[in-house]
Amino acid sequence: EILKSRYDAIVDFMIYESDEFKKRSEQLLNASGQYIFVSSSRVYADSKKTITEESPRLLDVIGDKEYLRTDEYALAKAREENVLFFSKQRNWTIIRPYITYNVERLQLGGIEKDVWLYRALHGRSIPLPQNIALHQTTMTYGGDVALAIVKLIGNPKALREVFHLTGNEHMTWSEILDIYLEVMASECGIRPKVYTPENSIRICEIMGNKYQIEYDRLYDRVFDNSKLCSVCGDDLRFMPMKDGLSMC
């Protein structure tokens, strides 16, 4: 019913199964002057170089047949991108946010604040496995991501293009934990203990996020956002990670 109308733009944050998206993609494209598909920078494979939009995707290079038989988030998003790549229509834009944070969502490795912060405030340890702690990651403030999306809406340079929506700053998960601990010490007067198992296996079993850890959090995620900045203009700014995380 909604798609019987036509819109200047649709920004689609929905999470689909691959087959589900394939069935409705043409309807979404037909209903909008510009269809902005929210994918994810989790689609990228491991990279020893700074990640650009042309960097290899997991779907295209991974050899794990068991994983490829799933429609896990990173694979589903890449398969849905392919639907748009092969579409005859040209009114799409693909955006790939990575870890976007605000006061409602603050991640630590593969754990949301509803777990790690709750534990900290209730006298329990904060878990951060050693095999995640030293990897580089990029976290981008939600307000900055929203502004970038606004600048892509109605932008002719964005049509039939892919952009990751990230800052270009990065730090290790251990450094991010230090920011959280520093704020808790200054604001709450507490210094939680940190639980640092050698690997993530047991925590993955509990959290149910094996593939997120294995095919993302155990990679260094460092991005070149120059393509996004060149299309969105000079006034696109990204809050420094330490400032933003401390504020939130």
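Using the structure shown, select from LYS22/LYS77; LYS157/LYS227; LYS23/LYS210; LYS49/LYS77; LYS23/LYS227 the pairs with a Cα to Cα distance greater than 19 angstrom. Mind dumping the intermediate values first?
Details: LYS22/LYS77 11 Å; LYS157/LYS227 11 Å; LYS23/LYS210 29 Å; LYS49/LYS77 22 Å; LYS23/LYS227 31 Å.
Pairs exceeding 19 Å: LYS23/LYS210; LYS49/LYS77; LYS23/LYS227.
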| field | Dipole magnitude of region 1-131 about its Cα centre (Cβ charges: Lys, Arg +1; Asp, Glu -1), debye to nearest 20 | value | 180
| query | Where a ≥ b ≥ c are the square roots of the eigenvalues of the C-alpha gyration tensor, would you call region 158-224 rounded, which needs a/c under 1.5, or, failing that, prolate if a/b is larger than b/c, or oblate? | reply | oblate
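Nothing charged except the Cβ atoms of Lys and Arg (+1) and of Asp and Glu (-1): what's the magnitude of the dipole of the chain about its Cα centre? Round to the nearest 20 debye. Kindly include the intermediate steps, with their values, before the conclusion.
Working: 32 positive and 36 negative charges, 58 e Å.
Dipole size: approximately 280 debye.
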| field | Rough spin-label spacing in nm, given labels placed 7 Å along Cα→Cβ, for ASN30 and ASP71 | value | 2.2
| task | Return one whole number: the accessible area per residue of region 41-155 in Å², for a 1.4 Å probe. | result | 46
| request: Between beta-carbons, use under 11 Å as the cut-off and find the net charge around LEU106, counting Lys and Arg +1, Asp and Glu -1. | output: -1
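Just to confirm a number: summing +1 for Lys and Arg and -1 for Asp and Glu over residues other than ARG119 whose beta-carbon lies under 11 angstrom from that of ARG119, what do you get?
Values: positive: LYS113, ARG124, LYS193; negative: ASP114.
Taking every Cβ under 11 Å from that of ARG119, the sum is +2.
What relative contact order, as a whole-number percentage, does the chain give when Cα pairs under 8 Å and 6 or more residues apart are counted? All intermediate terms of the calculation are to be shown ahead of the outcome.
Details: 387 pairs, mean separation 60.4, N = 248.
Reported as a whole number, the value is 24 percent.
DSSP beta bridges in the chain, what fraction antiparallel, as a percent rounded to 5?
Values: 4 of 24 bridges.
Given both bridge residues lie in the chain, the antiparallel proportion sits at roughly 15 percent.
Rounded, prolate or oblate, given the Cα gyration tensor of region 1-152, with a/c below 1.5 counting as rounded? Working shown, then result.
Working: a/c = 2.05, a/b = 1.52, b/c = 1.35.
Here region 1-152 falls in the prolate category.
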| Of PHE21, GLN89, SER246, which is farthest on the positive side of the dipole of the chain, counting Cα position, with +1 on Lys and Arg Cβ, -1 on Asp and Glu Cβ, and the Cα centre as origin? | GLN89
| remark: The percentage of the accessible area of the chain (probe 1.4 Å, all protein chains present) made up of carbon and sulfur atoms, to the nearest whole number, is 52
| remark: Rounded to the nearest 0.05, FRET efficiency between GLU104 and SER18 (Cβ-Cβ, R0 25 Å) equals 0.35
| task | Pull out a ≥ b ≥ c, the square roots of the eigenvalues of the alpha-carbon gyration tensor of region 91-179, then state rounded if a/c is under 1.5, prolate if not and a/b is larger than b/c, and oblate in the remaining case. | result | prolate
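The values are calculated or read from the model by the stated rules, or taken from the named source; none is laboratory data. For clarity, every value in this text was computed on a predicted model and none was experimentally measured. All Cβ positions, glycine included, derive from the backbone under ideal geometry; neighbour counts span all protein chains shown. Ligands, DNA and RNA are stripped out before the accessible areas are found, and what is left, the full protein with its side chains, is counted by its heavy atoms. Shrake-Rupley method; radii C 1.70, N 1.55, O 1.52, S 1.80 Å.
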